[in-house]
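Only the coordinates and a few stated rules stand behind these numbers; no lab work does. In this text the structure is predicted, and so the values were computed from the model without any measurement. In this analysis, Cβ positions are derived from the backbone assuming ideal geometry, glycine residues included, and neighbour counts consider all displayed protein chains.
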Amino acid sequence: QALLGELGPALEQGELRLHYQPKVRLATGAVEGAEALLRWQHPRVGLVPPGRFIGHAEQTTLINPITHWVIEAALRQLAEWRRAGLDMGVAVNLSTRNFSDPELAGHIHRMLEATGVPGGCLELEVTESAMMLNPDRAAAILSELGDTRVTISIDDFGTGYSSLAYLDRLPAACIKVDQSFVQRVETDNGAREIVRAAAAMAHAMGMEVVAEGVENARVLDLVTELGCDLAQGFHLCRPLPAPECRSWMEQPR
Ligand code: G
Ligand code: G
Ligand code: MN
Ligand code: NA
C-alpha cells in the first residue's frame, strides 16, 4: 500500500500524533494516568489509526524510531501536565519488536532525565502474547531501567496463552484485562468469573488490575464489584488530543 511507504517520511516530518485516554481509580474516581495512543495525521488521508500502520512499522523496524518518538512525546506531555498540577502518570504501548531494540532502555533513561518525569510515572504496556514470547527480555529491559521505577503492564490480558499460574513469573506491576471480557461481564457469567479470578490472582501476586473498554455505567459497577482497581473506557473518556484530555481530567468529579 502506497500509504505505508510514506510512514518513514511522516515520522521525520512530524505527522505522528498522540491521543490520550485517562485511567481512573475506581475507589476514588481520581485520574491516575493516561494511555498514549498513536495516530498519523496524514495531510491528504486525515487521521490514520494505528491498526493501519503499526504492523508495517513492526515489519520494517521503523517501529523502533516510532516508539522512541512516542516515549519522548508522551513524557514531554506528562511533564507539562504535572507542572500544571495533575498528579498522574502515562502509559505507552510497546511492540514485541521493541524488545530487541538495544537502545530502548537508554532512550528511556535519557528522556526521563530530559523531562524530569519520575520513572515511577512511566508505564510500558506489553501484550500478554509478547510477554509470553519474551519474558526474559521484559525482565532484562526492567533491569536495564535499574532503579528508575518504570513499570511494565500486561496489556490485552486474557487474549494470550499464559495460564494464571504463570503470572508470578512475569515482571509486571499491573494487568489490563482485555475489553472482550470486560464488555461481556453484563451478559456472560463466564466472562464475569474470569475477570473475578484474574483480579484475585493478580492481587495475590501483588499486581493491580485495570478493566479496559468500560462502555457503560453498569459495567463500571460490575468491574468494581469483581475486584478491578482501575478502569479505562469510552464511558469514562474516549482517547482525545492532549488539550481535550486535559480539560476532561481537570473537571471536578
Ligand atoms: O487507539 P486504537 O484503538 O486505534 O489502537 C489500536 C491498537 O494500536 C491498540 O492495540 C494499541 O495498543 C495499539 N497502539 C496504539 N498506540 C501504539 C503505539 O504507540 N505503539 C504500539 N506498538 N502500539 C500502539
Ligand atoms: O490494545 P490496547 O489496549 O492498547 O488498545 C486500546 C484501544 O482500545 C484503543 O484503540 C482505544 O481506542 C480502544 N478503546 C478504549 N476504550 C474503549 C472502549 O470503551 N470501547 C472500545 N470498543 N474500545 C475502546
Ligand atoms: Mn494498551
Ligand atoms: Na488492551
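Between GLU12 and ARG238, the contour length at 0.36 nm per residue exceeds the alpha carbon distance by 78.6 nm.
Placing a pseudo-label 7 Å from each Cα along the Cα-to-Cβ vector at MET205 and LEU3 gives an inter-label distance of 3.6 nm.
Peptide packing for 54-66, 29-41 was compared via the average number of neighbouring C-beta atoms within 10 Å per residue; ordered from the highest value, the list is 29-41, 54-66.
Shape class of the chain from the alpha-carbon gyration tensor: rounded, with the ratio a/c of largest to smallest axis under 1.5. Separation of the range 94-115 and the range 204-227, taken as the distance between their Cα centroids, equals 30 angstrom. In a simple Cβ point-charge model (Lys, Arg +1; Asp, Glu -1; nothing else charged), the chain has a dipole of about 420 debye relative to its Cα centre.
The gain in end-to-end length when the ARG218 to HIS109 segment is fully stretched comes to 35.1 nm, 0.36 nm per residue minus the alpha carbon separation. The convex hull of the Cα atoms of the range 78-212, projected and averaged over all directions, covers 8.7 nm². Fewest-first ordering of ARG44, ARG253, ARG17 by other beta carbons within 10 Å of each residue's beta carbon gives ARG44, ARG253, ARG17. Among the chymotrypsin sites (Phe, Trp or Tyr not before Pro) found in the range 104-191, those both in a DSSP coil and sparsely packed, with 14 or fewer other Cβ atoms within 10 Å of their Cβ, are TYR161. The fewest-to-most ranking of MET201, MET131 by surrounding Cβ atoms within 10 Å reads MET201, MET131.
For GLU35, the residues whose modelled amide H falls within less than 5 Å of its own, excluding neighbours fewer than 5 places apart on the same chain, are GLN21, LYS23, ALA91.
Projecting the Cα atoms of THR224, ALA198, PRO22 onto the dipole axis of the chain, where Lys and Arg carry +1 and Asp and Glu carry -1 at the beta carbon, places PRO22 farthest toward the positive end.
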